[in-house]
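The structure under discussion appears below in the form of structure tokens.
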Amino acid sequence: MTVSLIPISKDKKHILQNLYSLYLHDLSEYTGSLEISSNGSFEFDSFDLIWEREGLSPYLLKKDTTFVGFFLLLERPFLEKDYDYSINDIFMLKKYRRKGITITLLKELFEQKKGKYYVLELISNKPAILFWKSVYSKLNIAFEEKKQNVDNEECLIQSFQIF
């Protein structure tokens, strides 16, 4: 099994847009703020900003020859000075979850990009919280955690340093 992170160029944004709709569908279970659009998909309202703003870096997650997910990495100058990176959104197709792919890809990311990170999860999204705590445990990452209200949603924010 070969897994890789592929930076997404603008000419491949349709792949990310399709995966984002699936991600938002999954996320809609945990928040009342997401609704399906009139065209039958879930849409990220600021999607085109990904290629217009510096510091927004989308990646496709690939297993062998198949795209299996994505993540959106926030970087400076988009972030506040306290952090170098934030894994803003991360999604893996259900049939590829719990197979070690995401851990492998995160290890690759952390080897390439050292610095201070934060991750934000909806408190109601227990699977995401369990996933990230598993990542920290498996990769021996010490983290700090706090509760915060973000966009009228109760969230956990976890911060950690990759050396």
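A few remarks follow.
- Test result for Leu72, closer than 23 Å to Lys114 by Cβ and surrounded by 16 or more Cβ atoms within 10 Å (Cβ to Cβ): yes
- Among residues of the range 36-68, those that are small (Gly, Ala, Ser) and at positive phi, counted: 2
Residues are listed down the side, and each one gets a yes or a no for (1) under 15 Å from the mean Cα position of the chain (by Cα); (2) farther than 21 Å from Leu27 by Cα; (3) crowded, with 16+ Cβ neighbours inside 10 Å:
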site	(1), (2), (3)
Phe91	yes, no, yes
Tyr96	no, no, yes
Ile101	yes, no, yes
Lys147	no, no, no
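- Some residue of the range 60-81 being in a loop (DSSP other than H, G, I, E, B), closer than 21 Å to Lys13 by Cα and without any contact (Cβ under 8 Å) to a residue 12 or more places away in the chain: yes
- One residue from Ile101, Ile90, Ile15, Ile6 being among the β-branched types (Val, Ile, Thr) and free of Cβ contacts under 8 Å to residues at least 40 places away in the same chain: Ile90
- Filter result for the condition that a residue is part of a loop (DSSP other than H, G, I, E, B), in contact (Cβ under 8 Å) with a residue 40 or more places away in the chain and of a type in the set (Phe, Trp, Tyr), over Tyr23, Tyr30: Tyr30
- Subset of the range 43-59 that is without any contact (Cβ under 8 Å) to a residue 40 or more places away in the chain and small (Gly, Ala, Ser) - its residue that is surrounded by the fewest Cβ atoms within 10 Å (Cβ to Cβ): Ser46
- Count of residues meeting criterion [of a type in the set (S, T, N, Q) and surrounded by 15 or more Cβ atoms within 10 Å (Cβ to Cβ)] in the range 119-145: 1
- Which numbered condition Met1 fails, given (1) in contact (Cβ under 8 Å) with a residue 12 or more places away in the chain; (2) touching a Phe, Trp or Tyr at 6+ places or on another chain (Cβ under 9 Å): (2)
- Scanning the range 36-58 turns up no residue that is acidic (Asp, Glu), at pLDDT below 95, more than 23 Å from Ser9 (Cβ to Cβ) and assigned to a loop (DSSP other than H, G, I, E, B).
The values are calculated or read from the model by the stated rules, or taken from the named source; none is laboratory data. Everything numeric here is computed off the predicted structure, so don't read it as measured data. Note that we place each Cβ from the backbone using ideal geometry, even for glycine, and neighbour counts take in every protein chain shown.
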